[in-house]
Amino acid sequence: MGRIDAKSPLCLYIMTRKIILAFIWCTLFLAGCASLESYTRRAYQAQSSLAAGNYADALAVFPESSARGKDEILIRMERAVILQAMGEFRESAEEFIQSSRRIRELEDRAVISAAKSTEQAGTLILSERVSTYEGQDFEKVLIHALNAVNFLLLGDLEGARVEIRNAYRRQDELAKTHARELEQARKELRGVNWQKSLEDTDSQRFDALKRTSQTVQSVYQNAFAYYISALVYELNREQDAAYIDLKKAIAAAPQSRSIQKDLVRLSRALNFRDDSRLWEERFGNIEEPFLEGTDVFVIVAFGVAPVKEALSFPFPLRSGGLAFVSLPVYRFIPTPIQAVRVSYDGRSVETSVLNDTDAIAARNLMDKFPILFAKQVVRSYLKAQATRGLSREYGPLGAFAGTLASAVTEQADLRTWSSLPKEIHVARLIVPHGVGSIELDSAPYGSSQSIEIPQGTKHLIVWSRMTDWGMTIHTQAY
Amino acid sequence: MKKVVTLCAVAAVLFLFWGCASTPSVSYGSPEQVETVTIDFGSTDLQIIAEKMVNSLLTSPVLSSGMRPVFYVHRVQNRTDEHIDTQSITNRIRVTLLQSGKVRFSAVSEVNDEIIRQLEYQTSSGIVDPSTAKSVGNQVGADYFLYGELTSIRKRAGRVEDVYFKFTLNLVNISSGLIEWADEKEIRKQAKRPLLGS
C-alpha cells in the first residue's frame, strides 16, 4: 500500500477534521465540566463569613467532602486556615500536612506522565483553569510556616521544628525551580512585550499590581517563615540556628523592631561581639531588650487575601489575526485595621507586618506572568489554527463559531487561596515578672482584649485572628 | 502540525475519561517486607534501626554482665523534616530487649500518674482487699535511661532526591551520670523521578 503524502489535500483535510473534532470535544467538555464551577463565588462567600467572624460558615463553604479532584489542595489549604482561626489546631495541622503531601505527590510525578501531559495539553488547548491546582510558590512556603504556628499552639515543639525545616527547604527548592522556568519562558517570549499588552489593556490595575509587588524583595524570602523558624529554634534551645534565621528575617523585613531587638539580644547571648556591635550601630538605641521576665510572642492575622480577576484583551498573533487573551490580576481588599498594639503597665509595642499577602501574591504573579504569557501564546496559536480549520470547512459561520469558542474557552485561572489573612503581624516583648496580663488592641477601631500570663511562664505564644467584628485569641505557655 | 493534531486528539479523548473513580485494592503483606513506597521514613527504616540498636546493646558490657539492670526510655527527639512518631522506634527496641531477658524496664516515665492513682485506690479507697492491696514504697529505681535523636538531611537536585537519616541512642548511668553506651545507625535513601509514568 502506498503512503499518503503529508502535504496532499487528503491528508490536510483529515488533519483539519481532526483539529476541528478535538476542538469541539474540548469545548463541549469545558461547557459541561463541573470542575469549572466558579471558585471565586465560593471564595467570596468564605471571605464574607471570615470578615464577619463567622468561621463555621466559612468552613461550611469548603466541606471535607469537597476536598477532591483538581481543587483538593486549595480546599485543604482553605480549611486549614479557617480551622486555625477557630482554634482547631490539630485538625488544621492535618489539613496542612495533607495539602503539602499532595503537592509533593504532584511534583514527584514522572517527567512525562500521562495525567500531567493530558493536563498540560488541556491548559494549552483550553485554559489554565482545567489544571490541577498545585499551589503557588509562596503558598507552598506559607503552608509550613502556618503549620509551625499550629504545632507551637499545640505545645509540640518537635512538630513545629519539622515544619520550619520544610519551610526553609521549600524556599530554597522553589527559588531554583522558578529560575529555570522563568529562563525557559523568557526564551519563548523573545520579542513579545507582554508588559505593554497588560498596560495598554488596564494600566491602572497593572500599575497597582506592579507597585504592590515591589514592596517585597522576593517570594522566596518570607520574613514570617524565617521569624517563626527563629522562634522555634530558640524554644528548642538551638540559639545558633535561631540566629541564622533572624539574619534572614531582618533582610526580608528590615523595619521589624522585634527582629532587631532579637538580633542584638541573641548576638550578645552567643558572644558574637562584632555582630552585636554592628546591629547596635545599625538599629540605634534598642530599648530594654534584656529585661528578665516572660517572653511574649504575639502573632496577629487580619483581613482577607486579594482575589483574582480576569484581564481579557485581544492579542495580535505573529501569524496574523487576533487571539483572545485572558490573564488573572489581583484585586486587593482593604481592611479597616491599620495597626495592632500590645500593651502592659502603661507601655505599648506596635506589631510589624511580616507577611503582606497582597504584596507577596502580587510579586508571585508578576514573577509568573512571563510563564503564563508564554503558554498563552501557544494556546492562541492552536486556537487560531482550529478557527482557520472551521473557516475552511464551514465558511464564515465556521470562522464565527471558532472565534466564539476561542473567546468562551479562554478563561483566566481565578483560583486563589482566599482565606489567607491579608497581613500577619508579629511583636515580641519581654513582660516583667509580676505582670499578670497584656492587652491586645487594634487601631483605629479599638477592638481590645486582655490576655492572661500564667504564673511561671517563660515563653507565651499568642495567636489572634482579627475580624471586622472582634478577635479570637489562643495562647500556649512554655 | 501533525504533532499538534495528535496532541489535540489525545487530549480530547483523555479529558473525557479523566476523573473516573476507582476503588483502592487492599491486601495483607508481611511486616518484615522491605517497604519502598516513598523516600520518607518508613517501617523498614524503623526495623533496621531497632535491630542495630538492640544487637549493639545486648553485646555491651552493661547487659552482658548478667545483672538485669533496670532501664527507662527518656525520649528520642525527632529532628528531621518529617512528622515521625519516634516512640514507635523506642517501643520496638524496648520490646526486643525485654524479650532477651537481659534487662528490665521501669514504666515510671510513661505511666507514673496511673501507677500512683492505682496505689492510692488500692490503699485508701477501702474497696480493695487489704491483703491484696499493693503498698507504696516498693517501686524499683531505674539504673539507666535511654535518650537519643533522629536527624535527617534531605537534598533534591533535578530528578534525584536524597535523604540521609541518622539515629543516635545513648545509655546514661543515673548514679554516675556517665554515658555507658552509645551507638548510631545511618540510612541513606535515594529516589529518582521516573521519566515515564501514569
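None of the figures in this text is laboratory data; all of them are computed from the coordinates on show. Computed from a predicted structure; not experimentally measured. Cβ placement follows ideal geometry from the backbone for every residue including glycine, while neighbour counts extend to all protein chains displayed.
Quick notes on this one:
- Label zone of A:Ala339 (point 7 Å out along Cα→Cβ, amide N under 14 Å): in region A:438-457 this covers A:441-446.
- Förster-model FRET efficiency, 35 Å R0, B:Tyr28 and A:Asp172, C-beta, rounded to 0.05: 0.30
- Filter on A:Lys70/A:Lys196; A:Lys248/A:Lys422; A:Lys187/B:Lys189; B:Lys166/B:Lys192; A:Lys187/B:Lys155; B:Lys134/B:Lys185 - keep pairs with C-alpha separation over 30 Å: A:Lys70/A:Lys196; A:Lys187/B:Lys189; B:Lys134/B:Lys185
- In region A:166-245, taking the dipole from charged Cβ atoms about the Cα centre, the farthest positive-side position among A:Leu235, A:Val216, A:Ser197 is held by A:Ser197.
- Highest to lowest packing among A:331-341, A:409-419, scored as the average C-beta count within 10 Å: A:409-419, A:331-341
- For the pair region B:145-184 and region A:217-247, the centres of their Cα atoms are 24 angstrom apart.
- Antiparallel bridges, percent of DSSP beta bridges restricted to region B:62-198 (to nearest 5): 75
- Size check on region A:343-478: the Cα extents along the three principal axes, sorted descending, read 86, 27, 24 Å.
- Partner chain coverage, peptide B:81-94 - average Cβ within 10 angstrom: 2
- Average partner coverage of A:172-183, which counts Cβ from other chains inside 10 Å: 1
- Inter-label distance, nm, simple model (7 Å from Cα along the C-beta direction), A:Asp274/A:Ala477: 4.3
- Kirkwood-type radius of region B:147-198, with distances r between different C-alpha atoms, in Å: 13.6
- Derived value for chain B: Kirkwood hydrodynamic radius 21.4 Å. Basis is the mean of 1/r over every pair of different alpha-carbon atoms.
- Sorting A:459-470, A:350-361 by their mean Cβ neighbour count within 10 Å, with the most densely packed peptide first, gives A:350-361, A:459-470.
- For A:Lys458, a cut-off of 23 angstrom between C-alpha atoms picks up these lysines, skipping any fewer than 8 places away in its own chain: A:Lys261.
- Under the simplified labelling scheme, the B:His74-A:Ser203 pair shows an inter-label distance of 6.9 nm, with each label point 7 Å from Cα along Cα→Cβ.
- Gain on full stretching of the segment that runs from B:Ser100 to B:Ser64 - 0.36 nm per residue minus C-alpha separation: 11.8 nm
- Distance between modelled label sites at A:Asp57 and B:Asp85, nm, 7 Å Cα→Cβ extension: 3.9
- Cβ crowding within 10 Å averaged over residues, with A:101-107, A:201-207, A:246-252 ranked highest first: A:246-252, A:101-107, A:201-207
- Whole-number D in µm²/s for the protein assembly as shown (Stokes-Einstein; Kirkwood sum over Cα pairs; 25 °C, 0.890 mPa s): 85
- Extended-chain gain in nm, criterion 0.36 nm per residue less alpha-carbon gap, A:Thr40 and A:Ala251: 72.5 nm
- Gain on full extension, evaluated as 0.36 nm per residue between B:Ala157 and B:Ser124 minus their Cα-Cα distance, stands at 5.4 nm.
- Residue among A:Leu365, A:Val325, B:Ser131 farthest towards the positive dipole end of the protein assembly as shown, charges placed on Cβ: A:Val325
- Pairwise alpha-carbon distances in region B:91-160 exceed 17 Å for 65% of all pairs.
- Centre separation in Å (Cα based) which lies between region A:421-478 and region B:118-133: 47
- If you plug the beta carbon distance of B:Leu196 and B:Ile39 into 1/(1 + (r/R0)^6) with R0 = 25 Å, you get a FRET efficiency near 0.85.
- Neighbouring partner chain Cβ atoms per residue of A:105-111, average, 10 Å criterion: 4
- Our note on the geometry: Cα centres of region A:51-99 and region A:333-402, 23 Å apart.
- Placing +1 on the Cβ of every Lys and Arg and -1 on the Cβ of every Asp and Glu, with nothing else charged, gives region B:26-106 a dipole about its Cα centre of roughly 660 debye.
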